[in-house]
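First comes the structure, then the notes that go with it.
The values are calculated or read from the model by the stated rules, or taken from the named source; none is laboratory data. Predicted model only: the values in this text are computed from it and were never measured. Please note: Cβ atoms are built from the backbone with ideal geometry, for glycine as well, and neighbour counts cover all protein chains shown. The area values use the complete protein model at the heavy-atom level, side chains included, leaving out ligands, DNA and RNA. Shrake-Rupley method; radii C 1.70, N 1.55, O 1.52, S 1.80 Å.
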Amino acid sequence: MRRVAARRAPGRAIELEIAAIGARGDGIAYHDGGPIYIPFAAPGDRVLARLGPARGDGRIGHIQSILAGGPGRTPPHCRHFGRCGGCALQHLGGAHYAEAKRALLVRALERHGLGDAPIAPLRLLPPGTRRRARLSLLRPIAASAPARIGFAERASHAIVDLAECPVLGPPLLALVSPLRRLVAEILAPGEAGHATLQGSEGGIDVLLDLPRPPGLQQCETLAAFAEAADLARLCWRAAGSAAILPIAQRRAVRMNFSGVAVDIPPDAFLQATSEAEAALRQSVLDALRNARRIADLFAGLGTFSFALATQAQIRAVEGWRPAVLALRQAARRAGLEGRVVAEERDLEASPLGAAELDACDAVVFDPPRSGAKAQAAALARSRVPRIAAVSCNPATFARDARALVDGGYRLRQVEPIDQFVWSPHLELVARFDR
């Protein structure tokens, strides 16, 4: 990475040249031998920036003005860019955007001594396809102030009130204005909450996280909202409680995974876009082709289990009970009860051991962002010939990949998939074998 010296500029800012994009999507410049992390800056930009507080081994900087734009800078797609914390890379275009995304993976692998891993070209996916989003809700204290709904500003709890969003799918975006009106009716002045919106084949599923349980009148308002907005389901959860309670379910909330209809529990995890789900599924199928006994670890609702069941006996292991029950019911309904066996198990506290794994000729694992540290260590001690690793966090993936390589596996390929468009997040599928 090129280090660019900075000189003092007249007034309150220093002049910097941006050398690269960092792991959080910030531009990186160098001053007094240390990095300066500058949000919404592009490689090659010359900027006047005010230095802020320390962050890690460097400091945060804030752009005062752009003196000259770098070659990769392009006009952003959204009026909120630069304030909204949802996107970090809308100002990068073409090959510069793809390189910034790929670099997230390269740096994570290099930190664990895997910089020579073969990396496939970034698979770009279209914007405007997100089927899942968590929005912040706020009713301001001032009676005359309108309710706000949107994403938090970067490094702030302030909410950017959405007027547009090129990331959300049209059905979710169309729900923003009705939700804004609903906030004014169900929240008291000064109260805040969240709305998780998720598309399904039956329509939109909404979970409201509220500061307190709704009263009778508010429940009636919510039921009327579900009807008017044609929601498939509307549920709520009060602050400090894990219980999710229904207001209305007007249609079945289901998704079809490789021809198998699965009932979706409230607050269940789905891939953020159906396009990414299809890409991940195909990559896993390609990696595990012709395997006959497969363990699907962190199986969720069966995204990979049901696709792989066309060729193999599947042991689907998942720690969240509602997902396990939904997976079992779907397998039973599809006549796959003996072919797809779902098991509830906390794989971080109790990973499958080498003896259990050695009964398989392939494994796929798709953990949460925290990764699969304990399970990867157990896999490293096993004799499973092939592994497909799916991850939404290059940092924890690289850590787990290091454990597998140290255990004798070869990292054959990593395929980055741009599921989280314009964000500093990246999905990937990796192939390992012995």
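Given 0.36 nm per residue, what is the gain on full extension from GLU220 to ARG50 after removing their alpha carbon distance, in nm?
Residue separation times 0.36 nm, minus the Cα-Cα distance, leaves 56.1 nm.
At 1.4 Å probe size, with every protein chain present, just tell me what the per residue accessible area of the chain comes to in Å².
Working: 18580 Å² over 434 residues.
On a per-residue basis, the chain sits at 43 Å².
Is the shape of the chain rounded, prolate or oblate, going by the alpha carbon gyration tensor and its root eigenvalues a ≥ b ≥ c, with a/c under 1.5 for rounded and a/b larger than b/c for prolate?
Details: a/c = 2.17, a/b = 1.10, b/c = 1.97.
Oblate.
Using 0.36 nm per residue, how much length does the chain from LEU67 to GLN313 gain when fully extended, once their Cα-Cα distance is taken away? Mind dumping the intermediate values first?
Working: separation 246, 0.36 × 246 = 88.56 nm, distance 6.05 nm.
Stretched fully, the LEU67-GLN313 segment lengthens by 82.5 nm.
For the chain, give the percent of accessible area contributed by carbon and sulfur heavy atoms, probe 1.4 Å, rounded to a whole number. Don't skip to the answer; put the middle values down first.
Numbers: 9850 of 18580 Å².
C and S fraction of accessible area: 53 percent.
Report the antiparallel proportion of the DSSP beta bridges in region 309-434 as a percent, rounded to a multiple of 5.
60 percent
Quick one: work out the % antiparallel among DSSP beta bridges in the chain, nearest 5. Kindly include the intermediate steps, with their values, before the conclusion.
Values: 64 of 92 bridges.
Around 70 percent antiparallel, to the nearest 5.
Quick one: Debye curve from the alpha-carbon atoms of region 92-154 only, equal weights, vacuum; give me log10 I(q)/I(0) at q = 0.13, 0.14, 0.22, 0.26 Å⁻¹ to two decimals.
-0.65, -0.70, -0.99, -1.10
So how do 254-264, 371-381 stack up, highest first, on mean other-Cβ count within 10 Å? Please report the intermediate quantities before stating the final value.
Numbers: 254-264: 19.0, 371-381: 20.5.
Those peptides, ordered most packed to least, come out 371-381, 254-264.
To the nearest 0.05, what FRET efficiency results for ARG345 and SER258 with a Förster distance of 22 Å applied to their C-beta separation?
0.45
What FRET efficiency would be calculated for the residue pair ALA158, ALA120, taking the C-beta separation as r and a Förster radius of 35 Å, to the nearest 0.05?
0.35
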